[in-house]
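Since the structure comes first, as structure tokens, the remarks are kept for the end.
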Amino acid sequence: MIDAYATELGDILWRSLQVSGVAVVVSSLVGIPIGVWLGSTRFRGRSFLSVLIQTGMALPPVVVGLLVYLLLSRSGPFGGLGWLFTVQAMIIAQVVLTLPFVVGITMTSIAAVPPDLFLQVRSLGASPWQARWTVLREARSGVVLALATALGRSFSEVGAVLMVGGNIERHTRVLTTAIMLETSRGRFGLALALGAILMALALAANIAIFRLHGRPAP
Amino acid sequence: MSEEAILRLRGVTHLYGSACVLRVSELDIFAGEIVCVLGPTGAGKSTLLRLLSGLEPPSSGEILAFGQRPEYRALPLSEQRRVTMVFQHPLLLTGSVRYNVEYGLRLRRQRNSRQVVDRILERLGLLSLSSRLVRTLSCGQRQLVALARALIVEPEILLLDEPTANLDPASVALVESVIAGENQTRGMTVIWATHHLFQARRVAHRTGLILNGEVVEMGTTKLFFESPINPRTAAFVQGEMVY
């Protein structure tokens, strides 16, 4: 009995890490370059785009869940993929929810770096890519904050992943949806224990991120 | 010094918005010379250096560095790296003095740079500060670090925008002697913007005066100070208000 619980808990824990981890990696790979570009470039419509990104940070998870559900449902444009009620659908929903945070916070932190730095490092012989990397390094506090925020949002998400994942045992159940389930069953002790695990996970991930960021300066 | 002009400006004007901030009808800089550009604050010295460095294209006219347009978009990286600039307000990178000074070498993938960095740090009196974080340095020390990180990449042309503005007299003398040394040993060409008349007299082969965005006069330092052609230059070198 205890073995079965432990196996199930391990399974839920691994899936939670998988969904949140992949979602944050995808958001970072897409969002950091966009944030760098938006933070270092001036063009018509940039302010409007910034407002859209800020709005994206306040996207209600159930709305995102609904949209992803409609896109992936059998009659939707991507229904043929058969991803509804799978981990892939949960990752997509998480990416949509975390991407605005990564883009927005990266953009703000890049914009806070003095614009002349790019030119100064160019004059020292940096290629455009080396110069952008240097600017990103100078803005790394903001980028780390973006990753931590995205991870926090991802770990704590429940509405969207429940809608597109379905909380299916041994298939799409993650810590947050398991907490909901156990609460609805009146098993508050178990729900609280799962909550504590979730908090510990978030704490460990944030400590790892900030330790990486806080390495002694070269 | 060589008779070959490595920087040529012809009919250059530069606008910020609708305001014309620089007008240079003709100016040649020759390989291996130190040219000081004098002028009051806001005269256009920094703009001239930015155009020469290729960081900005001129609004009109032609600038040629080593026979090519210096704008970064028009030049391969290896050509861009022949010119380096020290800015009036240098922005250092988060990290130690050593990290900043070896930055240019890292960009060029040069390994085993420790001794090279130590040498330049020692020449500029910064060796004891090598592991200090730059945010703990004074303005003058930061300016020396900016100079060290520019010199370490051994540019053929070095553009200096008021590099001694925050330095004490001993450090000013040190910087002048290091720059003069690089000029003599490597033939490094230097264009040095300053508003210190005596500094120009001490270091420059040729000296020019910019007033209101216009190069009023350019000549050998001796003639510039002792027999200026333009009355405004004469007034300027005599310490009169000409702007």
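Could you pull out every one of the helices (runs of 4 or more DSSP H) wholly within the stretch A:84-150 that has 3 or more residues that are within 14 Å of chain B (Cβ to nearest Cβ) and under 30 Å from residue B:161 (Cα atoms)?
Hits in the stretch A:84-150: A:116-123, A:128-138.
Regarding residue A:198, is this residue in contact (Cβ under 8 Å) with a residue 24 or more places away in the chain and surrounded by fewer than 12 Cβ atoms within 10 Å (Cβ to Cβ)?
For residue A:198, the condition - in contact (Cβ under 8 Å) with a residue 24 or more places away in the chain and surrounded by fewer than 12 Cβ atoms within 10 Å (Cβ to Cβ) - is not met.
So which residues in the stretch B:200-214 are of a type in the set (S, T, N, Q) and surrounded by fewer than 18 Cβ atoms within 10 Å (Cβ to Cβ), if there are any at all?
Selection gives B:212 alone.
Any idea which residue in the stretch B:60-100 is nearest to the other protein chains (Cβ to nearest Cβ), counting only those that are closer than 21 Å to residue B:188 by Cβ and small (Gly, Ala, Ser)?
In this case the residue turns out to be B:78.
It is to be established whether one or more residues within the stretch B:56-77 are surrounded by fewer than 20 Cβ atoms within 10 Å (Cβ to Cβ), polar (S, T, N, Q), assigned to a strand (DSSP E or B) and modelled with pLDDT under 90.
There is at least one residue in the stretch B:56-77 that is surrounded by fewer than 20 Cβ atoms within 10 Å (Cβ to Cβ), polar (S, T, N, Q), assigned to a strand (DSSP E or B) and modelled with pLDDT under 90.
Of the residues in the stretch B:22-50, how many are away from every other protein chain (no Cβ under 14 Å), assigned to a helix (DSSP H, G or I) and of a type in the set (Lys, Arg)?
Looking only at that region, the number is 1.
Residues that are in contact with a Pro (Cβ under 7 Å, 6 or more places away or on another chain): which helices (runs of 4 or more DSSP H) entirely in the stretch A:158-218 hold 2 or more of them?
A:159-165
Residue check: is residue A:181 at pLDDT 90 or above and buried (at least 18 other Cβ atoms within 10 Å of the Cβ)?
Considered against the rule, which asks whether it is at pLDDT 90 or above and buried (at least 18 other Cβ atoms within 10 Å of the Cβ), residue A:181 comes out as no.
Collect the residues in the stretch A:98-148 that are among the small types (Gly, Ala, Ser), surrounded by 21 or more Cβ atoms within 10 Å (Cβ to Cβ) and free of Cβ contacts under 8 Å to residues at least 24 places away in the same chain, keeping them in residue-number order.
Scanning the stretch A:98-148 gives A:123, A:125, A:126, A:131.
Each row is one residue, and each column tells you yes or no for (1) under 20 Å from the mean Cα position of the chain (by Cα); (2) buried (at least 17 other Cβ atoms within 10 Å of the Cβ); (3) at pLDDT 90 or above; (4) over 18 Å from residue A:172 (Cα atoms).
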site	(1), (2), (3), (4)
A:43	no, no, no, yes
A:46	no, no, no, yes
A:61	yes, yes, yes, no
A:67	yes, yes, yes, yes
A:73	no, no, yes, no
A:78	no, no, yes, yes
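Being over 18 Å from the mean Cα position of the chain (by Cα) and crowded, with 17+ Cβ neighbours inside 10 Å narrows it down to one residue among B:101, B:97; which is it?
None of the other options fit; the residue is B:97.
Identify, please: which residue in the stretch B:1-13 is buried (at least 20 other Cβ atoms within 10 Å of the Cβ) and touching a residue at least 60 places away in the same chain (Cβ under 8 Å) and is, among those, farthest from the chain's Cα centre (by Cα)?
Across the stretch B:1-13, the extreme among qualifying residues is B:6.
Which one is nearest to residue A:123 (Cα to Cα) among residues in the stretch B:101-145 that are part of a helix (DSSP H, G or I) and within 10 Å of chain A (Cβ to nearest Cβ)?
Checked the stretch B:101-145; the qualifying residue nearest to residue A:123 (Cα to Cα) is B:104.
Looking at (1) surrounded by 20 or more Cβ atoms within 10 Å (Cβ to Cβ); (2) more than 14 Å from chain A (Cβ to nearest Cβ), which one does residue B:53 not meet, given that it meets all the others?
Just one mismatch for residue B:53, condition (2).
The values are calculated or read from the model by the stated rules, or taken from the named source; none is laboratory data. Note that this is a predicted model, so its numbers are computed, not measured. Here the Cβ is made from the backbone with ideal geometry for all residues, glycine too, and neighbour counts use every protein chain on show.
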